[in-house]
Every structure is written in structure tokens, then in C-alpha cells.
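Q: Encoded as C-alpha cells, here's the structure I'll be asking about.
The values are calculated or read from the model by the stated rules, or taken from the named source; none is laboratory data. For clarity, every value in this text was computed on a predicted model and none was experimentally measured. Cβ coordinates were reconstructed from backbone atoms using ideal geometry, including for glycine residues, and neighbour counts include every protein chain displayed. Side chains are part of the model used for accessible areas, which takes the heavy atoms of the whole protein and leaves out ligands, DNA and RNA. Shrake-Rupley method; radii C 1.70, N 1.55, O 1.52, S 1.80 Å.
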Amino acid sequence: MSAAPLVGYSSSGSEDEDEAEAAAGGPARPGAGCRPRVQSPLPSQRLPVPDSVLHMFAGTEEGPEDDSAKHGGRVRTFPHERGNWATHVYVPYEAREEFPDLLDALLPHAQTRVPRLVRMEAFHLSLSQSVVLRHHWILPFVQALKERVASRQRFCFTADRVKIYTNEEKTRTFVGLEVTSGHAQFLDLVSEVDRVMEEFDLTTFYKDPSFHISLAWCVGDARLQLEGQCLRELQCPPVPRAP
């Protein structure tokens, strides 16, 4: 913001004398004491701003660095915006003792076809797509979910069919175990989650979902290498035996 131009005011000796005479009660010359002061504008100049001030906040308004190499090569499906939070609803799965044995049998065989496959660090079943929440929506969104699913009863399910999945953008591939029993109960949960999504004007879940537990993933579309003969072999993998 530039300051208004500085203005200089003239103060001649005769004007001072007139004001002094008037204050002492002496006679004033005609027009004395009522003349407007002459304004002589000075040239407007902006003072130079030091470099230390100009670069004081350099880079503070830049967005977060989006380096896919720091995230295993994963690419964002939507751009990051300040105040937005990527969110999805899921049911966590706690692996039992025999689950690691299953992974030890499946993944090495799949990695012979796609060596870049990486084992998942945690396991879950998704009940929603990835959506974007504004920060001030988070608490009411969570509260609405709790109210919707609070009355649902616990149930058992089975996931024992190996299946290959990709995301919508075909930028990632997953080896998963598809749910073969308990599908109807998961659909009931999704119907409640979808109602909350609609309240917040967010995208609902897929129309014909395949509920599954992802076991491993890789960057890119690897369906050609993993489906067909490889998938049939993954469905009945040899169980490793202890030496």
C-alpha cells in the first residue's frame, strides 16, 4: 500500500509578523491572517523495501509437495486443497494367527508374475469411496455415522475368494479376498453410510460393490499379469510347510 504524497506548507516571515500583531492587539494589515497557506507538493517517491522484508514469507503460501516417490509411487486421485481432508469409511480387520500363513502362501506366487507387489500394512473392508471433507464437517460427519450404525448388530462373514481389483483411475492394482458370505449385512451398512454421504452432498458407494480385504497392492494396472492362470493358481496356493 503506497502512502499519500507528502505536502509542504509555506511559513513566510511576514505571515508570522501579521499573526504576532493580531495576537498583541495591534493593527492588522488588510487581508492579514486570512490568506490560505500556499501548498507546494513534493515529488511522490516510494521508499525501497529491503530484500529481507520482501522475502520474509517466501514459500509460505505454496501448496504441499506432492511427490509420489515418497508414497510408493501412488498418485492423488484428486488435488490437495487447504482445509480439505480425504476420507473414507471402512471396517478394520484384525488378522488372526493363520492369516499371515495365507499371505506367505499367496504373495510369493503372485510376485513371480508382478514383483512390485507390496504387502498391505493393515487390513480393512471399505464401506465408502474416498471423499473430500471440509475441516468443519468432520465432527458432524462422524456423529452422523455413529447415529446411523449404532443400532446395527454384529455379524460374521467369510472372505475366501481371491480376486484382482483396480481403482477407478487404473493407477493401482490390488490382490484381495472377496466376501462370499455376509454380503447382505455389508449392504445394509453401506445403505446407512450412503445416507450420511447424501446429507453432506458427497459421492455414495458403488451400485454393485464387491466387498473385499486387500492383501497386496502395486502401482499401475497389473490385471493382465495377475488374472487368468495366475488367479486360478492363487485360489488354491500350496501351503508352505515347516522344515
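Q: Checking H183 against (1) under 24 Å from E121 (Cβ atoms); (2) at pLDDT 95 or above: exactly one of these is not met. Which one?
A: For H183, the exception is condition (1).
Q: Out of all the residues in the range 134-162, which are within 29 Å of the chain's Cα centre (by Cα) and over 12 Å from E199 (Cβ atoms)?
A: The answer is R134, H135, H136, I138, L139, V142, K146, V149, A150.
Q: Which residue pairs have Cβ atoms closer than 6 Å, lie 6 or more positions apart in sequence or on different chains, and pair a first residue in the range 114-129 that is within 23 Å of T87 (Cβ to Cβ) with a second residue that is in a loop (DSSP other than H, G, I, E, B) and polar (S, T, N, Q)?
A: Sorted first by the residue in the range 114-129, then by its partner, the pairs are Q129/T203.
Q: What pairs come up if the first residue lies in the range 134-154 and is free of Cβ contacts under 8 Å to residues at least 24 places away in the same chain, the second is open to solvent by 60 Å² or more (accessible area, probe 1.4 Å) and of a type outside the set (D, E, K, R), and their beta carbons are under 9 Å apart, counting only those six or more places apart or on different chains?
A: So the pair list comes out as Q153/Q185.
Residue-wise test of (1) closer than 30 Å to N84 by Cα; (2) of a type outside the set (V, I, T).
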| residue | (1), (2) |
| --- | --- |
| T180 | no, no |
| H183 | no, yes |
| F200 | yes, yes |
| T204 | yes, no |
| I213 | yes, no |
| L234 | no, yes |
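Q: Does any residue in the range 160-183 that is on the phi > 0 side of the Ramachandran plot come within less than 8 Å, Cβ to Cβ, of a residue that is open to solvent by 30 Å² or more (accessible area, probe 1.4 Å) and in a strand (DSSP E or B) six or more places away or on a different chain, and which pairs are these?
A: Final answer for the pair search is G182/T158.
Q: Let me ask another. Inside the range 86-202, counting only helices (runs of 4 or more DSSP H) that do not spill past its ends, which hold 1 or more residues that are open to solvent by 60 Å² or more (accessible area, probe 1.4 Å) and touching a Ser or Thr at 6+ places or on another chain (Cβ under 8 Å)?
A: So the answer is 183-199.
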